[in-house]
């Protein structure tokens, strides 16, 4: 679930959200995100899904990029920064919504397993080097991973448990999509019975993604997302 399409955001005066003192503190906070240079951290956005305003800073965006193997850290493009911003906005909205229901926090074992899985997407030692380059500590990484796990647990609880895929859905997909795709790639087409579980998984994930996207659109319509400093 990584939809990166941008939508119009609600805007209001900065003074309605935070005091000048807080603004000065965050705006002047130094942040070494590159070994060869030091930049000034800044607030980028405020997200309020009806629980409380939460700030997203420039360092949050850089940390997000550091955990994406293909992203450049030396001179991140505006498009990459805005994609990271969109993802973090969505995460804040989902986590705020999750607070309204009793949930189980990720365990230390789950966090460590997720960290190990994340590291496998990088060449040996590369993740640690990228973290050092942007000042991302191991403790902060654990917090980021824990938030991601909490978000996944909530979405699974809200959507996966209630997904219903019928035999007709599977049969229709097999005839209309699966068989033509297999033939177009010159492959031997499995029977419906052989492809059944694979198609069911595909339809389940597609349905969850569609319902999650609609859910996020609904959250964004109700939320107050204020861009404080465009990136």
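Here is a list of conditions, (1) modelled with pLDDT of 95 or more; (2) surrounded by 12 or more Cβ atoms within 10 Å (Cβ to Cβ), and residue 109 meets all of them except one; can you say which number that is?
(2)
Does residue 155 fit the bill of being under 30 Å from residue 107 (Cα atoms), at pLDDT 95 or above and not in a strand (DSSP E or B)?
no
Could you list, in sequence order, the residues of the range 115-130 that are surrounded by fewer than 19 Cβ atoms within 10 Å (Cβ to Cβ) and touching a helix residue (DSSP H, G or I) at 6+ places or on another chain (Cβ under 6 Å)? So that I can check it myself, show each step before the final result.
Start the filter on the range 115-130 by keeping residues that are surrounded by fewer than 19 Cβ atoms within 10 Å (Cβ to Cβ), which leaves 115-126, 128-129.
Those that are surrounded by fewer than 19 Cβ atoms within 10 Å (Cβ to Cβ) and touching a helix residue (DSSP H, G or I) at 6+ places or on another chain (Cβ under 6 Å): 115, 119.
Considering only the range 1-101, give the helices (runs of 4 or more DSSP H) lying wholly within it that have at least 3 residues that are modelled with pLDDT of 95 or more and either out of contact with any strand residue (DSSP E or B) (no Cβ under 6 Å at 6 or more places or on another chain) or buried (at least 17 other Cβ atoms within 10 Å of the Cβ) (or both).
Result: 58-66, 78-98.
Say whether the condition of being surrounded by 15 or more Cβ atoms within 10 Å (Cβ to Cβ), in contact with a helix residue (DSSP H, G or I) (Cβ under 6 Å, 6 or more places away or on another chain), over 30 Å from residue 96 (Cα atoms) and touching a residue at least 24 places away in the same chain (Cβ under 8 Å) is met by at least one residue in the range 212-221.
Checking the range 212-221: not a single residue is surrounded by 15 or more Cβ atoms within 10 Å (Cβ to Cβ), in contact with a helix residue (DSSP H, G or I) (Cβ under 6 Å, 6 or more places away or on another chain), over 30 Å from residue 96 (Cα atoms) and touching a residue at least 24 places away in the same chain (Cβ under 8 Å).
Answer yes or no: is there a residue in the range 187-194 that is farther than 29 Å from residue 152 by Cα, surrounded by 12 or more Cβ atoms within 10 Å (Cβ to Cβ) and in contact (Cβ under 8 Å) with a residue 12 or more places away in the chain.
yes
The values are calculated or read from the model by the stated rules, or taken from the named source; none is laboratory data. Not measured: the values here are computed from a predicted model. In this analysis, Cβ positions are derived from the backbone assuming ideal geometry, glycine residues included, and neighbour counts consider all displayed protein chains.
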